[in-house]
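Engineer: There's a structure below that I have some questions on.
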Amino acid sequence: MEELLALKPDNSIAIVGCISTTVLSTPLVVELDSLIQGKGGGVFNFVIQLLIGANKDEKRLHVLEQLPTDKGLDDAATVTGIFRTIQENFEYEYLIITTLDHGTGYSIFEEPDNSPGNNVPSAASPAFRLSKRPLYSLSHQVKSGKPGKAKRKSKHPDGKSISAVISRMRYSAKNAMPSGISIDQLRDSIRATFGKADVIFMRNCFMQMFDTGCTLCDVTRFLVTFESLMWFPAYNYVTWLKAMQDSGGGLTPEKVACFAIQGFTKTKMLKLYREDTALFGNDLSYYPQINDCMNQMIRELIFYVKGHKGKLMNCRRKVINIARERNPHAHYQLVDALLWFKEAAKSLPGNKAYKGALKRFEGLQKKSIGGRRFTGKLVSRPGYRESGFSLYFPTTLADIGMFGSFYSLYYSSESRTQSRVGNFSLWPEFLAYLFLDIRPCLLKE
């Protein structure tokens, strides 16, 4: 924040954002031009404008609105309200939306950590200590959608019984909820307010899923985010925004996406952060065509499932879980899409339809990413090789049945948070056929 405020004055750029926190840090207390209330649920929610280039003797954080204190950014209505406040206070020609918090592939943000009672601590208070938990420790959490007694354990904890797994999956679909807001909800908030953004830059873990990009493709042109883990301290805002200032207003949205990636690669960080990162700025206008190619390949895989499940699962085991390799407790199993489709091609060597679709897929993916990418050495080794976007792909039958599984949250027809992905992609049907023996529609024709 202090680095942003130190930028040179520029009337052509407005930096506006929402802070949702249980802790008012000392820099915030010093810079805010209004007293922030923190009653009720113990969460400070407020929309501010950063007055870049202002005199240090002035209050440089202008409060545009204070929001209810009982909800955070994990509430879709709150996010819509934030966007509406920004829209009502500013006229603009170009819009960049950027997010920072935990990411779980198809949802962002996390429920704030409420302190006991209604007394909210402040970092400016004596003897207050900030948490020392890992920077990504809350990734992949889910929450119960309603209070109730714990479900009795299944007689088939190993997941070998498909009927038992389906039962557990249905229970999860009806009772589990994503942490934060889903990408469908984010899309709805954008459509209800701004209509569209030129660039969306998500500083959240694992958000470069195909599902996420395909859902957002009608509300933004460029999605810049991480297919890998995102290390919180490893981004330099000033590099990004200074490039926009120096351009004199001449940057295209594509260049803005490029400079966002430079803001990562040119920052000073520990070697581990840089090497354990895969960041891409994808042009989502190619996604409908990419989806068509993927559906052609998935169609061939669906026809191949019967009698060849073992071969397909052997292929799957050769591709590392992007999320679970970093976080053993992750509920989501993600694989790089290109790596998977190339690995699966080895099982269908004579399938010309698959081979042709894969070739077109590779060409379109390359065009979508262009040169807007950064991949560290740790994610370039065999088994990872993040190349642009990922897909949810469980490793075992039991993974689908676990409480809060990605399948139960977003693919199950009984889920309260079923995603739009099933409307245009055959991928959920392929997984249901491969793991749960649920016959897909195309085999019923």
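Engineer: Please work out which residue is least open to solvent (accessible area, probe 1.4 Å), limiting yourself to region 379-398 and to residues that are in contact (Cβ under 8 Å) with a residue 12 or more places away in the chain and more than 22 Å from Met294 (Cα to Cα).
Structural biologist: Restricting attention to region 379-398, the residues satisfying the condition of being in contact (Cβ under 8 Å) with a residue 12 or more places away in the chain are 379, 383-398.
Still in the list and also more than 22 Å from Met294 (Cα to Cα): 379, 396-398.
Values: Val379: 1, Thr396: 64, Leu397: 29, Ala398: 29 Å².
So the residue we want is Val379.
Engineer: Could you go through region 48-55 and let me know if any residue there is out of contact with any Pro (no Cβ under 7 Å at 6 or more places or on another chain), of a type in the set (Gly, Ala, Ser) and exposed (fewer than 15 other Cβ atoms within 10 Å of the Cβ).
Structural biologist: Of region 48-55, the ones out of contact with any Pro (no Cβ under 7 Å at 6 or more places or on another chain) are 48-51, 54-55.
Next, from what is left, pick out any that are of a type in the set (Gly, Ala, Ser): 54.
Next, only the ones that are exposed (fewer than 15 other Cβ atoms within 10 Å of the Cβ) stay: none.
The answer is no, given that none of the residues of region 48-55 is out of contact with any Pro (no Cβ under 7 Å at 6 or more places or on another chain), of a type in the set (Gly, Ala, Ser) and exposed (fewer than 15 other Cβ atoms within 10 Å of the Cβ).
Engineer: When Asn314 is evaluated against the numbered criteria (1) of a type outside the set (Lys, Arg); (2) closer than 24 Å to Asn282 by Cβ; (3) more than 25 Å from the chain's Cα centre (by Cα), which criterion, by number, is the only one it fails?
Structural biologist: (2)
Engineer: Taking the stated definitions as given, is Thr99 under 16 Å from Asp184 (Cα atoms) and either touching a residue at least 12 places away in the same chain (Cβ under 8 Å) or buried (at least 19 other Cβ atoms within 10 Å of the Cβ) (or both)?
Structural biologist: On the way: under 16 Å from Asp184 (Cα atoms): yes; either touching a residue at least 12 places away in the same chain (Cβ under 8 Å) or buried (at least 19 other Cβ atoms within 10 Å of the Cβ) (or both): yes.
Yes: the conditions hold for Thr99.
Engineer: A further question follows. Output the number of residues of region 143-183 satisfying the condition of being at pLDDT below 50 and surrounded by 14 or more Cβ atoms within 10 Å (Cβ to Cβ).
Structural biologist: So the first thing to find is which residues in region 143-183 are at pLDDT below 50, and the list is 147-159.
Imposing the further condition that a residue be surrounded by 14 or more Cβ atoms within 10 Å (Cβ to Cβ) reduces the set to 154, 156, 159.
Result for region 143-183: 3.
Engineer: Select from region 275-311 the residues that are open to solvent by 70 Å² or more (accessible area, probe 1.4 Å) and within 24 Å of the chain's Cα centre (by Cα) and write down the one among them that is nearest to Pro440 (Cα to Cα). Step through it out loud before you land on a result.
Structural biologist: Start the filter on region 275-311 by keeping residues that are open to solvent by 70 Å² or more (accessible area, probe 1.4 Å), which leaves 289, 292, 296, 299, 303, 306-307, 311.
Then drop every residue that is not within 24 Å of the chain's Cα centre (by Cα), which leaves 289, 292.
Numbers: Gln289: 22, Asp292: 17 Å.
So the residue we want is Asp292.
Engineer: If the Cβ limit is 7 Å and pairs must be 6+ apart or interchain, which residue in region 205-230 that is in contact (Cβ under 8 Å) with a residue 24 or more places away in the chain pairs with which residue that is outside any helix (DSSP H, G or I) and basic (Lys, Arg)?
Structural biologist: Val219/Lys196; Thr220/Lys196; Met230/Arg203
Engineer: List, please: which pairs have Cβ atoms under 7 Å, are six or more places apart or on different chains, and start with a residue in region 45-68 that is in contact (Cβ under 8 Å) with a residue 40 or more places away in the chain and end with one that is basic (Lys, Arg) and not in a strand (DSSP E or B)?
Structural biologist: Filtered contacts from region 45-68: Leu50/Arg60; Leu51/Arg60; Gly53/Lys8; Ala54/Arg60.
Engineer: Please go through (1) open to solvent by 20 Å² or more (accessible area, probe 1.4 Å); (2) over 18 Å from the mean Cα position of the chain (by Cα); (3) of a type in the set (D, E, K, R) for Arg420 and return the number of the only condition it doesn't satisfy.
Structural biologist: For Arg420, the failing item is (2).
Engineer: Residue check, Trp240 against (1) touching a helix residue (DSSP H, G or I) at 6+ places or on another chain (Cβ under 7 Å); (2) among the aromatic types (Phe, Trp, Tyr); (3) part of a loop (DSSP other than H, G, I, E, B), all met but one. Which one?
Structural biologist: Condition (3) is where Trp240 drops out.
Engineer: Let me ask something additional. Run down Met202, Met209, Met269, Met230 and say which single residue is of a type in the set (A, V, I, L, M) and open to solvent by 10 Å² or more (accessible area, probe 1.4 Å). Before you say what the answer is, go through the steps one by one.
Structural biologist: Numbers: Met202 fails: open to solvent by 10 Å² or more (accessible area, probe 1.4 Å); Met209 fails: open to solvent by 10 Å² or more (accessible area, probe 1.4 Å); Met230 fails: open to solvent by 10 Å² or more (accessible area, probe 1.4 Å).
Step by step, each of Met202, Met209, Met269, Met230 is checked, and only Met269 is of a type in the set (A, V, I, L, M) and open to solvent by 10 Å² or more (accessible area, probe 1.4 Å).
Engineer: Just checking, how many residues over region 49-99 are part of a helix (DSSP H, G or I) and hydroxyl-bearing (Ser, Thr, Tyr)? Even if it seems obvious, please write down each step before you answer.
Structural biologist: Narrowing region 49-99 to residues part of a helix (DSSP H, G or I): 76-89.
From what is left, the residues that are hydroxyl-bearing (Ser, Thr, Tyr) are 78, 80, 85.
Matching residues across region 49-99 total 3.
Engineer: Now for a different question. Looking at the structure I just gave you, is Asp246 free of Cβ contacts under 8 Å to residues at least 60 places away in the same chain, within 21 Å of Trp427 (Cα to Cα) and not basic (Lys, Arg)? Working first, answer last.
Structural biologist: Details: free of Cβ contacts under 8 Å to residues at least 60 places away in the same chain: yes; within 21 Å of Trp427 (Cα to Cα): no; not basic (Lys, Arg): yes.
So Asp246 fails the test.
Engineer: Still on this structure: Tell me the residue from Ala357, Ala353, Ala345 that is over 26 Å from the mean Cα position of the chain (by Cα), open to solvent by 30 Å² or more (accessible area, probe 1.4 Å) and hydrophobic (A, V, I, L, M, F, W, C), please.
Structural biologist: Details: Ala357 fails: open to solvent by 30 Å² or more (accessible area, probe 1.4 Å); Ala345 fails: open to solvent by 30 Å² or more (accessible area, probe 1.4 Å).
The conditions single out Ala353.
Engineer: Still on this structure, I have one more. Would you point out the residue of region 62-91, among those that are closer than 24 Å to His102 by Cβ and among the hydrophobic types (A, V, I, L, M, F, W, C), that is most open to solvent (accessible area, probe 1.4 Å)?
Structural biologist: The extreme case among them is Ala77.
Engineer: Hey, among Gly376, Gly363, Gly401, which residue is farther than 27 Å from Cys441 by Cβ and open to solvent by less than 30 Å² (accessible area, probe 1.4 Å)? Working first, answer last.
Structural biologist: Working: Gly363 fails: open to solvent by less than 30 Å² (accessible area, probe 1.4 Å); Gly401 fails: farther than 27 Å from Cys441 by Cβ.
Matching residue, one of Gly376, Gly363, Gly401: Gly376.
The values are calculated or read from the model by the stated rules, or taken from the named source; none is laboratory data. Here the structure is a predicted model, which means the values were calculated and not measured. Every residue, glycine as well, gets a Cβ built from its backbone with ideal geometry; the counts of neighbours run over all protein chains shown. Quick note on the areas: whole protein, heavy atoms, side chains included, nothing else; ligands and nucleic acids left out. Shrake-Rupley method; radii C 1.70, N 1.55, O 1.52, S 1.80 Å.
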